[in-house]
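To keep things clear, I will list the structure first and then write my remarks on it.
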Amino acid sequence: MKAMMLAFLATIVIAVGANAILNQSGFSSEDRYQGEAVRLN
Amino acid sequence: MLTRLMAVVTLIALLGTNPALAQSEGAVDAPDAPASDATTLEDILARQRGEDVERTNRAAEGSSAEEQARGMLGTLGGASDSLLWEGLRFGTADITTQAGGPAATVLVQDGGMLWVGWREGPLRTYGGYLLLGTIGLLALFYLIRGRIRIDGGKAGTTIERFKPVERFAHWLLAGSFILLGITGLITLFGRVFIQPLLGKEVNAWLALGSKWIHNNVSWAFMLALVMVFVFWVIHNIPNRTDIGWMLKGGGLFSKNSHPPAKKFNAGQKMIFWSVILLGGSISLTGLSLLFPFEMPMFAATFEKLNAFGIPGLIGMEPFPTVLAPHEEMQYAQLWHAIVSFVLMAIIIAHIYIGSLGMEGAYDAMGSGQVDLQWAKEHHSLWVEEKQAKAQSAPADATPAE
């Protein structure tokens, strides 16, 4: 049961972390589709 | 009089030499015959039906002198509107844009209609029936067979089936897959089932939340997939005991039938390889969708399949090997969803047999400790191996946790 709860907690941590990392790494939709003369955020 | 006669003769001569004026009455009334390479109404209708229509690239070859002369009268000079729209339609127009990404210069992408048709039609229909059919079959199996009991009764002593780290990986995979499955189904079916019941606002919020969860929980799934592969691949290599197990149907259909098996029986091995191969394929297409247009993989895959003659084997034309950026995403989405449906059906069966369907099975992933009699009935060879190892260990050895 402890392993299951830890895994579910890890899922949340990984999801939140992935979102933060990808957004800060320039992988948001806004970053990918903007150009030199087009700012989307 | 002579002057008038000369005027009549001149008029007749002019009529005779001007092709436009010299056409017969019937020809004048007939609509302009299309140039041999022009798009016809039948071409347009055939394309709308999703059929392949052979097309001559008039823009690339240069239009006929007649079209050029006609074009001179238009606002675009020598380039006609029809050529411009044809260029946009078939991706041959020279587009410049300030927006980023490889898809920004594709303004018309007719392959999208095929995708929409598939997504709103067979994907939802057959995918939905597959899941409902699986649940129905399991319900029928439960009604006929009931819960598979421990035939010899509980021994009262337990044996460690899975270590904590193995159970952690299992639940990381299971929890993330269930979340991904539910959010994927909301994305696919929300508009047809949730929206009519709960309204557009609720469906929009659910879709937005589902997208966030689906995109970000996917990393937990991929990590767990690697973990379970590393932990269990060695135990899932097929061997001869699997044949006996399969021939007896795993003992699932009759009481007191317990074909020998090692740590994983043939049924579990099939689940393992389904999860690894289908989950791997879902992960690859998922990554392609997560980073749109950055990881196109279908044109290259189709090229390889064509080289091996696979489409011909199943009575199909060769697959397209030149795909617009959007088409790559559309194929990725379809494949991602099709494989996910298959894996969901398999996992529903796995969840059933690991919980409601078999007494004592859940403990393997719950506490990690299973009843010894259960272990002997379902994994007799594994129990023998474990017991032999325990007996051969030095007396002062610390038992592994």
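The values are calculated or read from the model by the stated rules, or taken from the named source; none is laboratory data. Remember, it's a predicted structure, so these values are computed and weren't measured experimentally. When we count neighbours, we look across all protein chains shown, and the Cβ atoms used for this are built from the backbone with ideal geometry, even at glycine. We work out accessible area using only protein heavy atoms, side chains counted, and drop any ligands, DNA or RNA first. Shrake-Rupley method; radii C 1.70, N 1.55, O 1.52, S 1.80 Å.
Data for the structure
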quantity	calculated
Qualifying GluC sites (Glu not before Pro) for the range B:259-341 [loop in DSSP, other Cβ within 10 Å: at most 16]	B:E294
Heavy atoms of B:H214: accessible area, 1.4 Å probe, square angstrom to 10	50
For the range B:138-179: rounded, prolate or oblate by the Cα gyration tensor [a/c cutoff 1.5]	oblate
Average accessible surface area per residue within chain A, 1.4 Å rolling probe, Å²	71
Those residues of the range B:214-233 for which accessible area with every protein chain present is at least 40 Å² below the isolated value (1.4 Å probe)	B:N216, B:W219
Cα centroid separation - the range A:1-35 against the range B:312-333, whole Å	31
The range B:197-293 - percent of accessible surface contributed by carbon and sulfur, probe 1.4 Å	74
Scaled radius of gyration (Cα, divided by 2.2 N^0.38 Å) that the range B:112-382 gives	1.14
Under 5 Å, built H, 5+ apart or other chain: amide partners of B:Q369	B:R161
25 Å Cα-Cα reach of B:K386 towards lysines, excluding residues that sit fewer than 8 places from it in its own chain	A:K2, B:K154, B:K163, B:K248, B:K262, B:K263, B:K269, B:K376
Accessible area, probe 1.4 Å, largest first, for residues B:S274, B:S288, B:S367	B:S367, B:S274, B:S288
Nonlocal amide H pairs with B:I148, under 5 Å, H built at 1.01 Å	B:M358, B:E359
3J(HN,Hα) from dihedral phi, the range B:357-363, Karplus parametrisation 6.51/-1.76/1.60, rounded to Hz, x for glycine, proline	x, 9, 5, x, 6, 4, 4
Burial of 40 Å² or greater, the range B:166-188 residues [accessible area, probe 1.4 Å, versus chain by itself]	B:F168, B:W171, B:L172
Set of lysines with alpha-carbon distance to B:K211 below 23 Å, sequence-local pairs under 8 removed	B:K200
Accessible surface, per residue, of the range B:208-262 when the full set of protein chains is kept, probe 1.4 Å, Å²	58
Loop trypsin sites (Lys or Arg not before Pro), chain A (other Cβ atoms within 10 Å of the site Cβ: 15 or fewer; DSSP)	A:R39
Interface area, B with A, accessible, probe 1.4 Å, both sides summed, Å² nearest 100	1800
Sparse-neighbour loop sites [trypsin sites (Lys or Arg not before Pro); the range B:90-172; at most 16 other C-beta within 10 Å; DSSP]	B:R147, B:R149, B:K154
Accessible-area value, B:V228, 1.4 Å probe, nucleic acids and ligands omitted, Å²	10
Per-residue SASA entry for B:M227, accessible area with 1.4 Å probe, Å² rounded to 10	40
